[in-house]
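A.B. asks: Let me give you the structure first, and then I'll get to my questions.
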Amino acid sequence: MKNKTLISLFTSLFLVINPVWADSSIAVTDFELLNLTLKLTDPQKVADIDAQDQKNMDMINTLLKSGLNNMDGFTMIAISNETRDDADKSIGYLFDCASCSAELGRNNDADYIIIGRLHKPTYLFSYLIARVFDTKTNKLVKEYRSEVKGTPNKSIPGAVGLLLHKINKDIPH
């Protein structure tokens, strides 16, 4: 009897000292590009810039999803482009509508959802903007912004790394 009581006491104490927490699930959609630059008249230059923009978007999405997938405490849920497009009424709709984003996350069994964009006001720099929404409260939890300037192969990994660091620090998991 005394041993059972002692074991129960130690087990209870262990659970209080080392609580068992489930990972937070975080859904991620591909970032969208909001390009506000003036359109050029040279078709070859436009094609080159469009190809670089697509490469940059692919790099952002790959680095972010890979980083979240490898982060302790989070279970990353990738949302397909088709699912995102079904929920997205127009460019920026999910980015601006907290309840719409939260619903998309809830429909994919996520606690949080990240909706992001690469905001490109000029050819010289852009901003990586990510919004994290709580799917239970339908509210914006945090918005992160990083300037992306210089060589994309160096500046994008740095901006995404900073974003991942901030998410790991700020979002409960």
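The values are calculated or read from the model by the stated rules, or taken from the named source; none is laboratory data. Model, not experiment: these values are computed from the prediction. Every residue, glycine as well, gets a Cβ built from its backbone with ideal geometry; the counts of neighbours run over all protein chains shown.
A.B. asks: Determine whether LYS4 is part of a helix (DSSP H, G or I), basic (Lys, Arg), surrounded by fewer than 16 Cβ atoms within 10 Å (Cβ to Cβ) and modelled with pLDDT of 95 or more.
C.D. replies: So LYS4 does not fit the description; no.
A.B. asks: For the stretch 149-164, how many residues are touching a Lys or Arg at 6+ places or on another chain (Cβ under 7 Å) and over 17 Å from LEU124 (Cα atoms)?
C.D. replies: The total comes to 0.
A.B. asks: For the stretch 163-171, state whether one or more residues are buried (at least 21 other Cβ atoms within 10 Å of the Cβ), in contact (Cβ under 8 Å) with a residue 24 or more places away in the chain and in a loop (DSSP other than H, G, I, E, B).
C.D. replies: The answer is no; no qualifying residue exists.
A.B. asks: Would a scan of the stretch 118-126 turn up a residue that is closer than 16 Å to VAL28 by Cβ and aromatic (Phe, Trp, Tyr)?
C.D. replies: no
A.B. asks: Here's a check for you: in the stretch 69-127, which residue that is aromatic (Phe, Trp, Tyr) and in contact (Cβ under 8 Å) with a residue 12 or more places away in the chain is nearest to TYR144 (Cα to Cα)?
C.D. replies: So the first thing to find is which residues in the stretch 69-127 are aromatic (Phe, Trp, Tyr), and the list is 74, 93, 95, 112, 123, 125, 127.
Adding the requirement that they be in contact (Cβ under 8 Å) with a residue 12 or more places away in the chain leaves 74, 95, 112, 123, 125, 127.
Working: PHE74: 18, PHE95: 12, TYR112: 15, TYR123: 21, PHE125: 17, TYR127: 10 Å.
Filtering first and then ranking leaves TYR127.
A.B. asks: Let me ask something else about it. From ASP53, ASP23, which residue is among the acidic types (Asp, Glu), at pLDDT below 95 and surrounded by 13 or more Cβ atoms within 10 Å (Cβ to Cβ)?
C.D. replies: ASP23
A.B. asks: Now for a different question. Out of the residues in the stretch 19-38 that are in a loop (DSSP other than H, G, I, E, B) and out of contact with any helix residue (DSSP H, G or I) (no Cβ under 7 Å at 6 or more places or on another chain), which is nearest to ARG145 (Cα to Cα)?
C.D. replies: From the stretch 19-38, those in a loop (DSSP other than H, G, I, E, B) are 19-23, 29-31, 36-38; that's our starting set.
This time we only want the ones that are out of contact with any helix residue (DSSP H, G or I) (no Cβ under 7 Å at 6 or more places or on another chain), so: 19-23, 36-38.
Numbers: PRO19: 33, VAL20: 33, TRP21: 29, ALA22: 28, ASP23: 25, LEU36: 17, THR37: 19, LEU38: 23 Å.
Checking each candidate, the answer is LEU36.
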